[in-house]
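Each remark here refers to the structure printed beneath this line.
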Amino acid sequence: QVQLVETGGGLVQPGGSLRLSCAASGTLFWNNVMGWYRQAPGKQRELVAAVTSSGRSNYADSVQGRFTVSRDDSKNTVYLQMNSLKPEDTAVYYCNAISYYTYGPREYWGQGTQVTVSS
């Protein structure tokens, strides 16, 4: 029912910035969380940042102060502004959304977008 499409990935130099976007087709339940995960080769997929329906956000310690997650509900879109990028930020970034229905949660994933931080 809900599909997530990420855009904005690419190659950037260390210290540079990049903004990822994730647009949801279909409608998320009013009670939901949208966010970003990332996975580097040989590593476990990890939560990067997430933002709730009420605008509350949380971040992985490794990106705190450098990344900002935001959402535009009129566009069903979540963003990840990435500043001061480091080579260790290199990974495939996946958009994630969870709708919390009364009967339980339903989770959706995007296909991922590659972010490479290199000179």
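The table below gives the values:
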quantity: Per residue solvent-accessible surface (Å²) - the chain, probe of 1.4 Å; calculated: 54
quantity: Calculated over segment 45-119: convex hull of Cα atoms, volume per residue (Å³); calculated: 112
quantity: Within the accessible area of the chain (1.4 Å probe), percent carbon and sulfur; calculated: 47
quantity: Percent RCO, i.e. relative contact order, over segment 60-119, from Cα pairs under 8 Å lying at least 6 residues apart; calculated: 27
quantity: Pairwise FRET efficiency - Leu47 versus Asn83, Cβ, R0 = 22 Å, nearest 0.05; calculated: 0.75
quantity: Gln64 versus Ser118: modelled label distance in nm, points set 7 Å from Cα along the beta carbon direction; calculated: 3.1
quantity: Separation in nanometres of the label points that stand 7 Å from Cα toward Cβ, at Ser25 and Tyr100; calculated: 2.8
quantity: For segment 48-61, Karplus couplings with θ = phi - 60° (6.51, -1.76, 1.60), whole Hz, Gly/Pro x; calculated: 9, 6, 8, 9, 7, 4, 8, x, 7, 10, 9, 9, 5, 4
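The values are calculated or read from the model by the stated rules, or taken from the named source; none is laboratory data. Remember, predicted model here, so these are calculated numbers, not experimental data. Positions of Cβ are backbone-derived with ideal geometry, glycine not excepted, and every protein chain shown enters the neighbour counts. These area figures cover heavy atoms from the full protein model, side chains too; ligands, DNA and RNA do not enter into them. Shrake-Rupley method; radii C 1.70, N 1.55, O 1.52, S 1.80 Å.
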